[in-house]
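Comments concern the structure below.
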Amino acid sequence: MYEAKNFITAPAPEGSVRVMTWNIRFGIGRLPFFGDSCGDRSIFTEGEVLNTLELVAAEIDAIDPDIILLQEVDRESKRTQYIDQVQWLLNHTE
């Protein structure tokens, strides 16, 4: 185990920044996908994708992060009906 010889008291922060990171799994939530070896589907309906994006947007609004880092966000992909998920989330979050 490593330990510093001297300890100092960190200054109290003057404010805080809320950071959120989330892998939204290209907008399909927990639907089975062949790429995860848990299903045989590779293309999803517009309704399935939009339903998941609505849930994602609601959670983003509830957490209200200052900075958000999203992974697996599709843009112009056949598997998610060519929905630009970046723009959709920008348009549907506050």
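The values are calculated or read from the model by the stated rules, or taken from the named source; none is laboratory data. These numbers were taken from a predicted model, which means no experiment stands behind them. As a convention, Cβ positions derive from the backbone with ideal geometry for all residues, glycine included, and neighbour counts pool all protein chains shown.
The residue pairs whose first member lies in segment 64-84 and is touching a residue at least 12 places away in the same chain (Cβ under 8 Å) and closer than 13 Å to Glu46 by Cβ, whose second member is hydrophobic (A, V, I, L, M, F, W, C) and surrounded by fewer than 15 Cβ atoms within 10 Å (Cβ to Cβ), and whose beta carbons are closer than 7 Å, counting only pairs six or more residues apart or on different chains, are Lys78/Ile43; Arg79/Ile43. Among the residues of segment 64-94, just one is among the hydrophobic types (A, V, I, L, M, F, W, C), in a helix (DSSP H, G or I) and loosely packed, with under 11 Cβ neighbours inside 10 Å, namely Leu90. Take the conditions (1) loosely packed, with under 12 Cβ neighbours inside 10 Å; (2) at pLDDT 95 or above; (3) of a type in the set (A, V, I, L, M); Ala57 misses just one of them, which is (1).
The set of residues in segment 4-31 that are of a type in the set (Phe, Trp, Tyr) and on the phi > 0 side of the Ramachandran plot contains only Phe26.
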